[in-house]
1. Please express the shape of chain B as an equivalent ellipsoid: the semi-axes are the square roots of 5 times the eigenvalues of the C-alpha gyration tensor, given largest first in whole angstrom.
2. Highest first, please rank the peptides A:39-49, A:25-35 by the mean number of other Cβ atoms sitting within 10 Å of their residues.
3. Give the Debye-formula value of log10 I(q)/I(0) at each listed q (0.08 Å⁻¹), with one equal scatterer per alpha carbon of the protein assembly as shown, two decimals each.
4. With contacts defined as alpha carbon pairs under 8 Å and 6 or more residues apart, what's the relative contact order of chain A in percent?
5. Quick check for chain A: number of Lys pairs with alpha-carbon distance under 27 Å, counting only pairs 8 or more apart or on different chains?
6. Return an integer: the convex hull volume of the alpha-carbon atoms of the range A:3-119, in Å³ per residue.
7. If you take the beta carbon distance between A:S63 and A:T114 as r and set R0 to 22 Å, what does 1/(1 + (r/R0)^6) give as a FRET efficiency, to the nearest 0.05?
8. First select every other residue whose beta carbon is under 14 angstrom from the beta carbon of A:S118; then total the charges, Lys and Arg +1, Asp and Glu -1.
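Bear in mind these aren't lab numbers, they're just calculated from the coordinates by the rules spelled out. As the structure is a prediction and not an experimental result, all values here were calculated from the model. Here the Cβ positions follow ideal geometry from the backbone for every residue, glycine too, while neighbour counts run over all protein chains shown.
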Amino acid sequence: QVQLQESGPGLVKPSGTLSLTCGVSGGSISSSNYWSWVRQPPGKGLEWIGEIDHSGSTNYKPSLMGRITISVDKSKKQFSLRLTSVTAADTAVYYCARDPARSLGLDVWGQGTTVTVSS
Amino acid sequence: QSVLTQPPSVSGAPGQRVTISCTGSSSNIGAGYDVHWYQQLPGTAPKLLIYGNSNRPSGVPDRFSGSKSGTSASLAITGLRAEDEADYYCQSYDSSLSSSGVFGTGTKVTVL
């Protein structure tokens with residue numbers, strides 16, 4: 001059974017770079033899935049921010065284009081999120097998730113990690 | 001702002017039936033993209049509740065059902081139970097946003 005675990009700094013300074021990693025265990029990261037990132041600002045709803053598929057193709061939320069990069073490291077069985085020029089608006093719980101196909105939904109989620117943007 | 005609109009809250013007594021609507025447009029639900037539903041209990045990660053408009057993953061009670069018609073989708077909970085009190089989100093994709101994913105605004109279900 002696939003499990004996901006986010007890791008990374010919990011505090012990032014304004015204008016800095018947010019970097020998170022999602023480790024994949026119990027299954028292959030090379031199988032035909034989309035590996036996704038979703039965030040949730042404090043007290044607010046879920047926000048889809050981007051994904052990468054097994055071939056390395058990415059799809060990002062348009063409003064984040066230019067600041068966001070999602071990559072995958074198959075040898076380490078992990079995928080990563082990099083968000084540059086962060087502001088307080090990027091403060092959120094960040095979740096990684098697996099999407100087996102557009103028709104199957106985000107079926108496996110990490111527990112989430114809180115990232116605060118503050119000086 | 002989300003392109004999928006849900007009512008902020010719905011409530012019902014134990015045993016009752018409640019429904020949550022998810023209203024989209026011709027570029028997302030109306031374009032044929034599937035709708036998925038998630039349940040988020042306080043302080044926890046979301047859990048897939050319904051996938052592909054109306055399918056339940058293994059382990060999800062049949063009290064939960066989903067449907068889709070035109071540019072909208074709905075989630076119904078029958079035989080409401082105290083443990084159903086949570087936030088619920090619909091999710092789909094949008095062709096006007098480069099086929100990126102989109103979530104609904106979220107609905108808080110309260111069991112009276």
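1. Numbers: eigenvalues 109, 36, 32 Å².
Rounded to whole Å, the semi-axes are 23, 13, 13.
2. Details: A:39-49: 17.5, A:25-35: 15.5.
Result, highest mean Cβ count within 10 Å first: A:39-49, A:25-35.
3. -0.28
4. Details: 290 pairs, mean separation 42.6, N = 119.
Relative contact order here is 36 percent.
5. Details: A:K13/A:K44; A:K13/A:K61; A:K44/A:K61; A:K61/A:K74; A:K61/A:K76; A:K61/A:K77.
The number of close lysine pairs in chain A is 6.
6. Numbers: hull volume 11.5 nm³, N = 117.
Considering the Cα atoms of the range A:3-119, their hull volume per residue is 98 Å³.
7. Numbers: r = 22 Å, r/R0 = 0.98.
Taking R0 as 22 Å, the efficiency between A:S63 and A:T114 is 0.50.
8. Values: positive: A:K13; negative: A:D90.
Every neighbour counted, the sum reads 0.
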